Amino acid sequence: MQNIFSKISAFLIIFFAVLAEPACAQVDNLTLAKADSLFEKQRYSDAFVLYEQLLEQEQHYSPQMLLKMAYIKEGLRDYTSAMYYLHLFYTKEPSRSTLKKMEELAQAHRLQGYEYNDLQFFKTQFSKYYMRILELLLLAAVITVTIMLFSWRRGHRFTKPFKIGFMLYLLFILYYINFLNLGDEGIIKSSQVAIMSAPSAGANWVATASQGHKVPITGEQDIWFEIKWKGEKAYIRKSNLLELP
């Protein structure tokens with residue numbers, strides 16, 4: 001009897017979950033439509049509240065919504081948030097034109113770290129297709145192992161160079177999964193932020209940075225991020241830096 005009740009309960013949970021998903025999507029669509037309507041009426045603050053709600057839920061948002069959020073924040077002179085939403089849009093829709101837009105906005109407001117180059121474009125393209133590349137690498141490894149197994153059962157013996165090459169290939173996959181890192185970045189989100197020479201309030205002062213600058217993150221220690229500031233190692237408090245995904 002208990003098993004029957006368990007099965008019935010499980011069925012009902014799955015059934016209501018399936019029904020609830022389209023309902024949630026419909027609510028999100030209505031919220032997005034309302035936000036877009038407010039945006040068109042130039043009620044940007046009200047529209048942004050709804051856009052932000054959708055983004056935080058991570059259930060329903062579009063690249064176009066991110067562009068509108070960046071536009072609103074740029075109009076409010078909140079360049080940290082504007083650059084953040086442009087970056088989110090860029091990760092969804094990588095293009096050289098978006099990189100150029102960020103560079104032009106940075107130049108207009110004297111922000112550092114947004115240099116337009118081919119390396120930045122390659123990094124984003126690679127990040128976008130990271131999982132697809134990994135799937136292909138693993139698929140090739142599985143196919144190779146399967147062929148090797150059948151060949152071995154038929155009495156075939158593999159050469160030493162082939163074995164070494166395949167082991168190096170497996171090691172590369174391991175490296176790809178665990179150690180490959182194209183670098184983390186963050187945007188300074190506060191004004192008059194102290195950049196220090198060491199992870200301590202008593203360390204030597206390096207510079208005072210304003211909000212909006214983008215810096216590479218090279219490590220972390222307690223409440224500090226290790227960053228590159230004008231090519232040199234420096235430190236900034238984590239509370240003053242908005243990490244980019």
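Bear in mind these aren't lab numbers, they're just calculated from the coordinates by the rules spelled out. Since the structure is predicted, the reported quantities are computational estimates derived from the model, not experimental observations. When we count neighbours, we look across all protein chains shown, and the Cβ atoms used for this are built from the backbone with ideal geometry, even at glycine.
Tabulated data for the structure shown
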item	result
Number of the exception - Ala141 against (1) in contact with an Asp or Glu (Cβ under 8 Å, 6 or more places away or on another chain); (2) over 20 Å from Pro245 (Cα atoms)	(1)
Number of positions in region 211-245 that are out of contact with any strand residue (DSSP E or B) (no Cβ under 7 Å at 6 or more places or on another chain) and either of a type in the set (D, E, K, R) or part of a loop (DSSP other than H, G, I, E, B) (or both)	5
